[in-house]
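Report on the structure given below.
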Amino acid sequence: MSSSLNRSRLLGMAMMVAAGGIAQAAEPGFFGYGKTATPEQMAGWNIDVRGDDGAGLPPGKGTVDKGAEVYAEQCAACHGTFGEGEGRFPKLVGGAGTLRADRPELTVGSYWPFAPTLWDYINRAMPMPAPHTLSADDVYALTAYILNLNDVVPSEFVADRDSLPKVKMPNRDSFIWTDPRPDTMAKPCMIACADPGESKITSTAEGLNLTPRTTGPLDTMQPK
Amino acid sequence: MRPEFWRSIPILSKPASAPLGRRSFLGLGAALTGSLAFGGRAAAGEPAPASPPADAPWSQSIGAGVVDRPYGRPADTEAGVIRRNVPWLTAGTESSVSFSPLQDLHGIITPNGLFFERHHAGRPDIDPDQHRLMIHGLVERPLLLTMKDIVRFPSVSRIHFIECPANGGMEWRAAQVNSLQFNHGMISCAEWTGVRLSTLLEEVGVKREAKWAMVEGADGAHMNRSLPLDKCLDDCLVVYAQNGEALRPEQGYPLRLVVPGWEGNVNIKWLRRIKLGDKPWYSREETSKYTDLMPDGTSRGFTWLIDAKSVITFPCPEKPLDGPGPYEIRGLAWTGNGKIKRVDVSVDGGANWQSARLHEPVLSKALTKFTFAWRWDGQPVLLQSRVIDETGYVQPTIAELRKQRGLNSVYHNNSIQTWQVKPDGSVFDVQLA
């Protein structure tokens with residue numbers, strides 16, 4: 001019990017005092033509602049895999065070749081035969097070296113910082129019409145295939161719980177995980193902040209024909 | 001089109017003596033709506049009749065009885081006030097967004113049927129009897145809670161906005177979409193009722209080494225995000241009700257997380273699992289998405305806070321001015337930092353500013369309404385609003401944001417909106433140097 005005597009309880013109790021609410025002991029199990037989750041239940045729900053160290057990756061493995069087979073069947077219709085993306089569905093491949101370009105291309109290869117995140121996302125959310133229906137082996141194989149399409153791993157790469165966390169993604173070190181905002185220092189000037197003649201319109205949405213209608217039935221406009 | 005269920009509701013108990021059938025009533029209504037203050041057709045330019053009859057048909061007949069519409073619905077003439085999407089923006093509608101019609105809303109509360117949508121794998125229709133919330137990981141006593149269990153905990157009701165950080169994302173490079181709804185409609189505000197997340201975490205007993213929580217939805221995306229434990233214990237809510245009724249399916253029925261003041265996607269809908277851990281998870285939605293790419297090639301992650309933002313909702317492209325004269329400029333302001341301190345309005349593109357009137361209630365992390373009395377002389381003007389929140393943060397211009405973040409950061413465009421009013425009263429979305 002002592003390990004739970006932490007800021008959670010102290011903060012909670014402080015909030016109750018401040019709110020003048022009903023006195024409640026902030027003891028675990030005080031209300032006693034619900035059931036203790038059993039190990040079997042938790043095993044079924046516990047699907048998360050941590051990106052940076054792969055914690056939670058299950059047993060199993062998959063090769064690049066096997067991944068190509070699964071990909072053709074499960075993924076190519078939307079993401080393209082080689083990850084190039086069909087229509088407006090996401091590209092999975094390419095964009096290396098474009099992050100500073102005028103039109104950067106953010107893909108698994110050019111942008112994603114952690115390989116286990118790819119396993120986790122395919123496992124939890126793909127294929128879109130039937131999410132979380134692939135076997136662990138198939139997810140490993142797909143992960144290997146997509147990494148190989150991006151030249152991140154060689155064609156003989158076998159993805160498993162040991163190999164994936166060791167893959168160094170090209171963009172791994174480019175993320176800053178603390179928010180630097182506020183990053184603007186505007187001052188609330190009130191009078192004569194600028195010469196009114198200086199306010200030049202640099203762009204207008206007028207006449208661009210990109211705006212769906214906002215009255216009547218829903219618009220179905222497509223890009224020109 | 002109206003949602004299907006509206007049309008499926010039968011018209012009951014029409015008195016036999018009613019002089020006009022439904023069809024002719026609607027026809028007449030359409031001809032007369034120009035005189036209604038908020039009528040959709042007035043905006044479409046149909047002239048109001050010069051002299052409506054002294055007694056309209058609805059004044060010389062008996063109306064529909066109670067429970068004619070057991071749930072209730074907006075007037076037929078408001079049929080155009082709906083959430084709308086930008087079809088060219090996304091591959092399909094399942095992983096997509098819709099926008100609240102801010103141009104037709106009044107006050108700070110968004111009606112439940114008009115609250116903006118952001119789904120990552122479509123809207124699941126969940127059986128609440130089969131829904132569970134699991135809380136586990138670094139806790140003393142892992143719990144599995146039914147909806148009945150959750151509703152039994154001490155409850156709180158709070159008014160908070162939720163905004164998608166991609167709101168305004170189409171405007172980073174240039175003015176593009178001539179609409180209040182499509183440039184700002186990914187914000188909505190509701191009264192949420194549920195249990196404090198801190199109450200649930202006290203109930204399971206958080207272990208000392210826990211620093212983060214992973215929150216996960218029951219939708220097909222199994223949408224998941226990491227949240228620092230401090231925020232969870234501060235003001236997060238696990239809610240089952242929105243504006244007095246059960247959550248709408250589009251908003252997470254039967255259970256969602258509300259993370260006041262933080263970007264919409266961490267407010268996990270269809271919430272089914274909370275796992276405590278010692279580090280963040282770096283899920284797809286916090287690495288490859290919802291991170292902000294800077295001009296130097298680095299990216300900012302975990303940029304959860306919604307910075308202060310305001311927008312004039314009248315006039316706007318959808319609601320032009322109707323000739324010179326006195327007007328009330330109206331708008332909304334909000335900040336993830338807490339309360340709004342002040343809103344200023346400029347009619348000359350930011351050269352000179354005057355403070356607007358804030359309307360009560362001014363609540364923390366909620367929409368705040370402002371108005372500004374103004375006489376339009378019929379000359380071209382450039383309207384802007386600028387918010388200052390209680391931390392002293394000042395809403396920036398798009399030029400200031402671009403200077404810091406370039407053109408490709410997609411999210412968190414909280415810049416000052418400029419509306420260009422032309423001599424004919426029409427209004428256009430523009431950007432200034």
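Bear in mind that the values in this text are calculations on the coordinates, not laboratory data. All of these numbers come straight from a predicted model, not from anything done at the bench. All Cβ positions, even for glycine, are placed from backbone atoms using ideal geometry, and neighbour counts span all protein chains on display.
Figures for the structure shown
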{"read-out": "3J(HN,Hα) from dihedral phi, the range B:129-135, Karplus parametrisation 6.51/-1.76/1.60, rounded to Hz, x for glycine, proline", "value": "5, 9, 7, 9, 10, 9, 10"}
{"read-out": "Expected 222 nm ellipticity per residue - DSSP helices of 4 or more, -39500 (n - 2.57), all of chain B, to 500", "value": "-3000 deg cm²/dmol"}
{"read-out": "Gap separating the Cα centres of the range B:222-279 and the range A:95-151, nearest whole Å", "value": "26 Å"}
{"read-out": "5 angstrom amide H check on B:I159, placed H, neighbours 5+ away", "value": "B:W192"}
{"read-out": "Percent of Cα pairs exceeding the 33 Å cut-off, where the set is chain A", "value": "49 percent"}
{"read-out": "For the range B:112-294, average projected area of the Cα convex hull in nm²", "value": "10.8 nm²"}
{"read-out": "Calculated Rg and Dmax of the range B:263-309 using C-alpha coordinates, Å", "value": "12.8, 38"}
{"read-out": "Cα-based equivalent ellipsoid, chain B: semi-axes from gyration tensor eigenvalues, Å", "value": "39, 31, 18"}
{"read-out": "Rounded to the nearest 20 debye, dipole of chain B from Cβ charges on Lys, Arg, Asp, Glu", "value": "480 debye"}
{"read-out": "Hull shadow area, averaged, the protein assembly as shown [alpha-carbon convex hull, nm²]", "value": "31.7 nm²"}
{"read-out": "Descending Cα extents along the principal axes, the range A:61-174, whole Å", "value": "39, 32, 23"}
{"read-out": "Principal axis box of the range B:304-352, alpha-carbon based, largest edge first, Å", "value": "42, 25, 15"}
{"read-out": "Percentage, to the nearest whole number, of Cα pairs in the range B:48-187 over 19 Å apart", "value": "72 percent"}
{"read-out": "GluC sites (Glu not before Pro) within the range A:148-224: DSSP coil, no more than 15 neighbouring Cβ in 10 Å", "value": "A:E156"}
{"read-out": "Length added when fully stretched, B:A75-B:T93, from 0.36 nm per residue minus Cα-Cα", "value": "3.8 nm"}
{"read-out": "Positive-end residue, the protein assembly as shown charge dipole about Cα centroid, Cβ charges, pick of A:V139, B:F372, B:G113", "value": "B:F372"}
{"read-out": "Net charge contributed by nearby residues that have their C-beta within less than 12 Å of B:I150 (K/R +1, D/E -1)", "value": "+4"}
{"read-out": "Selected from A:P90, A:P165, A:P212 as most flexible by GNM, with chain A as the system and alpha-carbon contacts under 10 Å", "value": "A:P212"}
{"read-out": "Summed residue charge, Cβ within 14 Å of B:S346's Cβ, Lys/Arg positive, Asp/Glu negative", "value": "-2"}
{"read-out": "Set of lysines near B:K279 by C-alpha distance (under 28 Å), chain-local residues within fewer than 8 positions excluded", "value": "A:K35, A:K61, A:K166, A:K168, B:K207, B:K211, B:K231, B:K269, B:K289, B:K365"}
{"read-out": "Interchain or long-range residues, amide H under 5 Å from B:S299's placed H", "value": "A:F175, A:I176, B:M294"}
{"read-out": "For chain A, calculated [θ]222 nm from helices alone, where every DSSP H run of n ≥ 4 adds -39500 (n - 2.57)", "value": "-8000 deg cm²/dmol"}
{"read-out": "Inter-site label distance for A:K200 and A:A77 at 7 Å from Cα along Cβ, in nm", "value": "5.2 nm"}
{"read-out": "Potential extension, B:Q354-B:D424 segment - 0.36 nm per residue separation minus Cα distance", "value": "22.7 nm"}
{"read-out": "Average partner coverage of A:171-179, which counts Cβ from other chains inside 10 Å", "value": "6"}
{"read-out": "Unit charges at the beta carbon, dipole of the protein assembly as shown: most positive-side option, B:A91, B:L401, B:L237", "value": "B:L237"}
{"read-out": "Residue-by-residue Karplus 3J(HN,Hα) for the range B:263-276, coefficients 6.51, -1.76, 1.60, Hz, glycine and proline x", "value": "3, x, 5, 7, 7, 3, 8, 6, 4, 10, 8, 10, 10, 9"}
{"read-out": "Per-pair calculated FRET efficiency, R0 = 56 Å: B:D68 and A:E105 via Cβ, rounded to 0.05", "value": "0.50"}
{"read-out": "Exposure proxy ranking, count of Cβ atoms within 10 Å, fewest first, for B:W212, A:W177, B:W270", "value": "A:W177, B:W212, B:W270"}
{"read-out": "Peptide B:403-411, shielding by other chains (average Cβ, 10 Å cutoff)", "value": "3"}
{"read-out": "Mean Cβ count within 10 Å, highest first, over the residues of peptides B:406-414, A:31-39", "value": "B:406-414, A:31-39"}
{"read-out": "Under the Debye formula (equal points on every Cα, no solvent term), log10 I(q)/I(0) of the range B:309-430 at q = 0.10 Å⁻¹", "value": "-0.30"}
{"read-out": "B:W172, B:W262, B:W58 arranged by Cβ crowding within 10 Å, fewest neighbours leading", "value": "B:W58, B:W172, B:W262"}
{"read-out": "Percent breakdown of C-alpha pair distances by 10 Å bin, ordered from the shortest bin, for the range B:101-162", "value": "14, 28, 38, 16, 3"}
{"read-out": "Formal net charge of residues neighbouring A:S155 (Cβ-Cβ distance under 15 Å; K, R +1; D, E -1)", "value": "-3"}
{"read-out": "Lys, Arg +1 and Asp, Glu -1 on Cβ, resulting dipole of the protein assembly as shown about Cα centre, debye, nearest 20", "value": "900 debye"}
{"read-out": "Tail weight of P(r) past 13 Å, computed on alpha-carbon pairs of the range B:233-275, percent", "value": "51 percent"}
{"read-out": "Segments B:131-143, B:68-80 sorted - mean Cβ within 10 Å per residue, highest first", "value": "B:131-143, B:68-80"}
{"read-out": "Check: the range A:61-174 dipole with +1 on Lys, Arg Cβ and -1 on Asp, Glu Cβ, in debye", "value": "380 debye"}
{"read-out": "Relative exposure of A:M185, A:M128, B:M223, judged by other C-beta atoms within 10 Å (fewest first)", "value": "A:M185, A:M128, B:M223"}
{"read-out": "Virtual paramagnetic centre 7 Å along Cα→Cβ of B:A373, amide N under 17 Å, in the range B:336-359", "value": "B:345, B:354-359"}
